[in-house]
1. Pairs only if they're at least six apart or on different chains, beta carbon under 9 angstrom, first in region 191-218 and in the same structural domain as PRO267 (by TED's automatic domain parsing) and among the hydrophobic types (A, V, I, L, M, F, W, C), second at pLDDT below 95 and assigned to a helix (DSSP H, G or I); list them, first residue then second.
2. Determine the pairs where a residue that is part of a loop (DSSP other than H, G, I, E, B), located within region 112-138, has a partner that is modelled with pLDDT of 95 or more with Cβ atoms under 8 Å apart, the partner being 6 or more residues away or on another chain.
3. Would you pick out the residues in region 299-324 that are surrounded by fewer than 16 Cβ atoms within 10 Å (Cβ to Cβ), free of Cβ contacts under 8 Å to residues at least 40 places away in the same chain and not basic (Lys, Arg)?
4. Can you tell me how many residues in region 287-323 are in contact with a helix residue (DSSP H, G or I) (Cβ under 6 Å, 6 or more places away or on another chain), within 30 Å of GLU414 (Cα to Cα) and of a type in the set (A, V, I, L, M, F, W, C)?
5. Taking region 369-409, which residues are more than 15 Å from VAL354 (Cβ to Cβ) and either part of a loop (DSSP other than H, G, I, E, B) or in contact with a strand residue (DSSP E or B) (Cβ under 9 Å, 6 or more places away or on another chain) (or both)?
6. Given (1) surrounded by fewer than 19 Cβ atoms within 10 Å (Cβ to Cβ); (2) outside any loop (DSSP other than H, G, I, E, B), where does VAL353 come up short, assuming only one miss?
7. Suppose the filter is under 26 Å from ARG225 (Cα atoms) and either of a type in the set (D, E, K, R) or loosely packed, with under 15 Cβ neighbours inside 10 Å (or both); does ASP274 pass it?
8. Quick one: in region 176-229, of everything that is in a helix (DSSP H, G or I) and small (Gly, Ala, Ser), which residue is surrounded by the most Cβ atoms within 10 Å (Cβ to Cβ)?
Amino acid sequence: MNEEAVKWAASAELRFCRGILRQMNALARILLCLVLPVVLGAQTPRRHKRTVTDAEVKRVHASAILIDTHNDITSATVAGLDIGQPNTDNMTDLPRMKAGGMGAQFFAVYVAASYENGNHSANRTLQMIDTVRHDIIEKYPNDFALATTADDIRRAHRQHKIAALLGIEGGHAIEDSLRLLRRYYDEGVRYMTLTHANSNHWADSSGDENKPNNGLSAFGKEVVREMNRLGMIVDISHVSDKTFWDALEVSKAPIFASHSSCRAIAPVPRNLTDEMIQALAKKGGVVQINFSCDFLNADVAKAEADFGARLRPIRDQLIAQYANNPDGLRAAMREARRQVGAPPEQRATLADVVRNINHVVELAGVDAVGLGSDFDGISCAPEGLDSVDKWPNLTRALLEEGYTAAEIRKIYGENTLRLMAAVERTAQELR
């Protein structure tokens, strides 16, 4: 709906309400006047599906700074993959990033839980930081630029480069040391996921049946406060519900979910409840929608859970066998999946991604949603949006859904840039 139509509709609603008010007694008029603005203000914009042209898709897509807040191709580059060369085994490479019109990518500094054994987490973290800085940015300086601030992203965009940022996945990476946290910040890390699928010594994970910390421990709250002071985004993807609420309460800066979707649509623990989405948004946070098929679609989630139950005994054995060899574990798990039987053939669709975006918008407004694909960290991505060159398909789907160009620019990057700037301001105030 264009701006004039919105104004006309609002005016018509007001005229209708005034007609009702004239026929009511004084007390009822007072009550309605108090309630009506709240009700109308909570309503989401009326969207009208429409057809769009290729030219419009191209124009709107090019006008946005497309920021993806989570990509795991780093687990391949650290093992020797050249991101600059086309490949068919992964969802990400530089030619496809260019074709997809990407403006910025948070690369995952993923540290598997197995590196806790023997205190190797910090070593692995530095290796993962190095693969972003050396194997990606330094190797392709004409295409990538290291970014640590919102302004850096805008500057890279003006230079027609892809801004490359770092986000640690797994709070055990700091080995319970604020000194290491500060070192990682100095190396360019700008968010940390408080846990991965494992609870650590100070924060509980959604993937852990045991909750040893009952959310955030006293030290966990200190970690969040130090992240605020540094200017590092607190990421609550992967955490338990109690950890989410503790982090939201403690943090003085907005926080985000770097790669999570909506639990009301796909009831998996990694997704956020409606209450969480609304609370996150009230503090200026952003839900970055994850593209994993089971996070987007309830039927796929159920099929994946059934498949996972069959795979679990083998998985547990392999985790013990490859405790200090994550790359070997990954290969063994692929073989195990083939042995157990093919995973569910049903996939999520582009419409499922739009549905999750719609859900956040309906609950908390368009300022509360962004994109955290989890490409190359997931085994199933939606049809039509299964690699980094397919982003324009999402632009088309959102335009067809009735989103405006300005709203798409918010979803694609402006919401994340706003959050980053707020985190930076908080850090300046706390220092």
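1. Matching pairs, first to second residue: ALA197/ALA113.
2. ALA112/ARG124; ALA112/GLY170; ALA112/HIS196; ASN119/GLU175
3. Result: ALA305, ASP306, GLY308, ALA309, PRO313, ASP316, GLN317, ALA320, GLN321.
4. First pass over region 287-323, keeping only residues in contact with a helix residue (DSSP H, G or I) (Cβ under 6 Å, 6 or more places away or on another chain): 287, 289, 293-294, 296-297, 300-301, 304, 310-311, 314, 318, 322-323.
Restricting the remaining residues to those that are within 30 Å of GLU414 (Cα to Cα) gives 287, 289, 293-294, 296-297.
In the following step, the residues that additionally are of a type in the set (A, V, I, L, M, F, W, C) were identified as 287, 289, 293, 296.
Residues meeting the conditions: 4.
5. First, the residues of region 369-409 that are more than 15 Å from VAL354 (Cβ to Cβ): 372, 374-380, 386-389, 405-406, 409.
GLY372, ASP374, PHE375, ASP376, GLY377, ILE378, SER379, CYS380, ASP386, SER387, VAL388, ASP389 - these are the residues of region 369-409 that are more than 15 Å from VAL354 (Cβ to Cβ) and either part of a loop (DSSP other than H, G, I, E, B) or in contact with a strand residue (DSSP E or B) (Cβ under 9 Å, 6 or more places away or on another chain) (or both).
6. Status for VAL353: all satisfied but (1).
7. Yes: the conditions hold for ASP274.
8. Initial filter on region 176-229 (in a helix (DSSP H, G or I)): 178-186, 218-229.
Filter once more, keeping what is small (Gly, Ala, Ser): 218, 220.
Numbers: ALA218: 8, GLY220: 25.
Residue satisfying both the conditions and the ranking: GLY220.
The values are calculated or read from the model by the stated rules, or taken from the named source; none is laboratory data. Quick caveat: nothing in here was measured; it's all calculated off a predicted structure. Heads up, the Cβs are rebuilt from the backbone with ideal geometry, glycines too, and the neighbour counts pull from every protein chain shown.
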